[in-house]
């Protein structure tokens, strides 16, 4: 760890922007003629984490790991089943939509698919102006000024604002989404797979833009992605999710150089890499992700874990402090 | 490799005729060979023409698209002159294809077993019973431990990775000489992707196939291919062995792609983004098709399109920065 990185973590340690305690989100499964609840999909199952001001916390996991649900519950776009969400030390877990409104301008989200998340019948100017109308008392001219400013910041021409989303390429549409999320000057942005639908050369443009905006506007990102290389590039700390739970969380270098959880190890080894010298021995996991409606007892990963032993099926491992801000939920380290 | 190629594509041109008299030159003069037993990767971003190249080889181009020129020699036969009936014999028999999204490629109303047996019985003269035995055997080879049960299941009962395994079983059912894999793992999670790519490597050995691997992922190319061709604007811009491409990439587009790739091995402050976007196939810039995005573009690049030349032994590039080696 470099000195600056250490400094960042120490400084930010005192300044938690978001704290989540034992958060759960269960979706009911309805079945039978009477549509009774016959079970639950445990999308997020007992997650606790902190996000520090100014950092990027990467959340990685495969489909069904609950990473997107976590992002939506944190923003209260979905209501949690249980647990607590503190944003800037304020408990927002059970606030009503009316109570949430003033807080929402500080918390924004950028979605994966800019084709689906922008209203096709609104022009760029209308799309970006809309949050200002809802959230602020600015008059028309002031709003116009703000729209122009943010367009310039995200690298779009101000002359583009009368165009409609379909007239833009995927990368430019994602810039529009980013402008819309940032026009209210939020403090915290959930980025849900923001570059996954883009080609690599365009992905690089958008990632660079997001890093620049973070510096300039002092943003905190929760960056959700399935792509470990992208997450490594943009994050300060990384949390690995598996079946609704956090398997491991650590500063970026710790987790990529010394992964502790067998799942993290397998995940990292499975990424095809261009550089021959740093190629890891492949750990090929057997089988698929179990269904989150019927997770294995004990450790959720035990059915695919090459190192599982008796205890793993009996007791659910809790996150354990391994030093250096490195936490892992695995019985191998007890 | 001094053998004869099993597939030889020469000056292939596939155009799409769009509304308003626009012509999209999706594939525009592509030449390459595939030799027995090798994996050749075709890489490029969306719109580069890589998938249209593979569909052209299978002759699966539909209106408004048309193969406008060139030849596709497969084991010495020119596929372009074949009738649809003759082509059906080759498809699935000697040449098979797997796609990115196995759910759309599999028929949802037939069991997995039905679909494998259909393919077996269409191309080989065997009884139902023999086909059943062979189907179970194939499913075991591609990694279904409970093959006797899987054979009765429908595609929706399988996970994404398992569906892709079933697709591979169907593709392998007639011992093809060439397997075209079009983004076979793009829709899959990282750990499942690793399983499927390992399976493809094993199957290549076991069935003595060649693979044309179409992908946008340079990491997959580095780990699973022998040779690689980089496509841009409907043309091959660089072609060489996998080792050589990553040691000494020549074309500015290849270099740009490598620099724009975030990596889990190295750390950089900023990614080297390529400016601009891939031009649409009906509106390429004049001259070199990469010229409007290229940091090295010179006067002549905007005038004429360079040819694909041999710059060093077994390493071709389409760029005015380099002179042909003698």
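FYI, it's all coordinate maths here, none of it is from the lab. All values derive from a computational prediction rather than experimental measurement. For neighbour counting, all protein chains shown are included, and Cβ atoms are generated from backbone atoms with ideal geometry for every residue, glycine included.
Observations
- Computed over chain A, Kirkwood Rh from alpha-carbon pairs, angstrom: 21.2
- For region A:265-334 versus region A:204-229, the inter-centroid distance based on Cα atoms is 27 Å.
- Normalised contact order of chain A, rounded percent, pairs of Cα under 8 Å and 6 or more residues apart: 20
- Convex hull volume per residue for chain B, taking Cα atoms only, in Å³: 153
- Once Rg and the Kirkwood radius are both taken over the C-alpha atoms of region A:181-235, their ratio Rg/Rh works out to 0.94.
- Mean partner shielding of peptide A:264-273, defined as the number of other chain Cβ atoms within 10 Å of each residue Cβ, is 6.
- Highest-first arrangement of A:248-261, A:127-140, A:25-38, where packing means the average Cβ count within 10 Å: A:248-261, A:127-140, A:25-38
- Here is the size of the protein assembly as shown from its Cα atoms: Rg then Dmax, 26.4, 80 Å.
- Of all beta bridges that DSSP places with both ends in chain B, some 60 percent have antiparallel geometry.
- The spacing between region B:249-326 and region A:158-183, judged by their C-alpha centroids, is 27 Å.
- Sorted peptide list for B:85-95, A:195-205, A:93-103, B:25-35, criterion being average Cβ within 10 angstrom, highest first: A:195-205, B:25-35, B:85-95, A:93-103
- Model label points for residue A:97 and residue A:157, set 7 angstrom from Cα along the Cα-to-Cβ axis, are 3.9 nm apart.
- Alpha-carbon Rg with Dmax, taken over region B:105-173, Å: 10.7, 32
- With the convex hull drawn over the C-alpha atoms of region A:125-200, the volume per residue is 99 Å³.
- Per-residue ellipticity at 222 nm from helix content only, as computed over the protein assembly as shown with -39500 (n - 2.57) for each DSSP H run of at least four residues, stands at -9500 deg cm²/dmol.
- The protein assembly as shown: antiparallel DSSP beta bridges as a percent of all, rounded to 5: 60
- Across peptide A:60-68, the mean count of Cβ atoms from other chains lying within 10 Å of each residue's own Cβ comes to 2.
- Simple spin-label estimate for residue B:46 and residue B:265 in nanometres, 7 Å along Cα-Cβ: 2.8
- Segment residue A:115-residue A:277, length gained on full extension (0.36 nm per residue, minus Cα span): 54.4 nm
- Separation of alpha-carbon centers, region B:95-165 and region B:216-232, rounded to whole Å: 28
- Legend: P(r) of region A:198-324 from all alpha carbon pair distances, 5 Å bins from 0, whole percents, reading 2, 9, 17, 19, 18, 16, 10, 6, 3, 1, 0.
- For chain A, modelled as a GNM whose springs connect Cα atoms under 10 angstrom apart, the maximal fluctuation among A:177, A:235, A:123 occurs at A:123.
- Exposure proxy ranking, count of Cβ atoms within 10 Å, fewest first, for B:224, A:233: B:224, A:233
- When you restrict to C-alpha pairs under 8 Å that are six or more residues apart and normalise by the size of chain B, the relative contact order lands at 20 percent.
- Spread over its residues, the convex hull of the C-alpha atoms of region A:100-153 is 104 Å³ per residue.
- Computed from Cα positions, the angle between helix B:112-123 and the longest principal axis of chain B comes to roughly 80 degrees.
- Two-site FRET efficiency, residue A:293 against residue A:145, from Cβ-Cβ distance with R₀ of 56 Å, rounded to 0.05: 0.65
- For region B:158-290, taking the reciprocal of the average inverse distance between every pair of different Cα atoms yields a Kirkwood hydrodynamic radius of 16.9 Å.
- Most simply put, chain A has about 60% antiparallel DSSP beta bridges, counting only bridges with both residues inside it.
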